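Notes follow the structure.
The values are calculated or read from the model by the stated rules, or taken from the named source; none is laboratory data. In this text, all values refer to a predicted model and were calculated from it rather than measured experimentally. Every residue, glycine as well, gets a Cβ built from its backbone with ideal geometry; the counts of neighbours run over all protein chains shown. Keep in mind that these areas ignore ligands, DNA and RNA; they rest on the heavy atoms of the full protein, side chains included. Shrake-Rupley method; radii C 1.70, N 1.55, O 1.52, S 1.80 Å.
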Amino acid sequence: MSTPDIRPADGFAGHITPQDAWQILATDERAVLVDVRTEGEWRTIGVADVSSLDKETVYTPWVTQLGPNPHFLDPILEAGVTPGDGRTLVFLCRSGNRSIGAAAAATAAGLGPAYNVLEGFEGDADALGVRNQNGWRVAGLPSTTWTSA
């Protein structure tokens, strides 16, 4: 396998493509996928499926209807990730924007290395607003329907 192309970032370990995210998750047994979209997005659009890697995704919204989620880090910590443990965190949102703040917040809390998945789960929108240009799903990476925990 090739080495992931990690693009520089301020405040966290870097940006990676969806394909590189999958490679990291597949080769680093301690790596954790963290989906920071909203429950509504998980329910209506679907989620990344890392079950074939014998992993579970951590679901924690970066924002709520009231603004930033003050409990954003709680599910990550509850999943057994602890500050300073060096576990790789791969942050995924719809288009790769919210996950930037999430990766930076995790890094500031001593977690990670933390990476932002460029293009996110759905990717960029075309001229008609349809998100079919790039992203996790367009790359053909595994996805499934979301079922609450």
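Of THR44, THR64, which residue is modelled with pLDDT under 95, farther than 20 Å from GLY140 by Cβ and surrounded by 13 or more Cβ atoms within 10 Å (Cβ to Cβ)?
Within the list THR44, THR64, the selection yields THR64.
Number of residues in region 131-147 that are without any contact (Cβ under 8 Å) to a residue 60 or more places away in the chain and under 12 Å from ARG43 (Cα atoms): the value is 1. Of all the numbered requirements in (1) over 17 Å from PRO142 (Cβ atoms); (2) small (Gly, Ala, Ser); (3) buried (at least 20 other Cβ atoms within 10 Å of the Cβ), ALA9 misses one, and that requirement is (3).
Per-residue answers, yes or no, for (1) of a type outside the set (A, V, I, L, M, F, W, C); (2) modelled with pLDDT under 95; (3) over 21 Å from ALA79 (Cβ atoms):
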residue	(1), (2), (3)
ILE6	no, yes, yes
LEU25	no, no, no
ASP35	yes, no, no
GLY40	yes, yes, yes
ALA48	no, no, no
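Selection of region 76-110 for residues being open to solvent by less than 10 Å² (accessible area, probe 1.4 Å) and of a type outside the set (S, T, N, Q) yields ILE76, VAL81, LEU89, VAL90, PHE91, LEU92, CYS93, GLY96, ALA102, ALA103, ALA106.
Against the list (1) in a loop (DSSP other than H, G, I, E, B); (2) open to solvent by less than 60 Å² (accessible area, probe 1.4 Å); (3) closer than 17 Å to LEU33 by Cβ; (4) not hydrophobic (A, V, I, L, M, F, W, C), the condition ASN134 fails is (3). Starting from residues that are part of a helix (DSSP H, G or I) and touching a residue at least 60 places away in the same chain (Cβ under 8 Å), keep the ones in region 18-38 and report whichever is surrounded by the fewest Cβ atoms within 10 Å (Cβ to Cβ). Checking each candidate, the answer is GLN19. If I ask for residues that are part of a helix (DSSP H, G or I) and either touching a residue at least 24 places away in the same chain (Cβ under 8 Å) or basic (Lys, Arg) (or both), which ones from region 76-118 would you list? Of everything in region 76-118, those that are part of a helix (DSSP H, G or I) and either touching a residue at least 24 places away in the same chain (Cβ under 8 Å) or basic (Lys, Arg) (or both) turn out to be ILE76, ARG98, SER99, ILE100, GLY101, ALA102, ALA103, ALA104, ALA105, ALA106, THR107, ALA108. If only residues of region 95-149 that are in contact with a strand residue (DSSP E or B) (Cβ under 6 Å, 6 or more places away or on another chain) and among the basic types (Lys, Arg) are counted, the one that is farthest from GLY84 (Cα to Cα) is ARG131.
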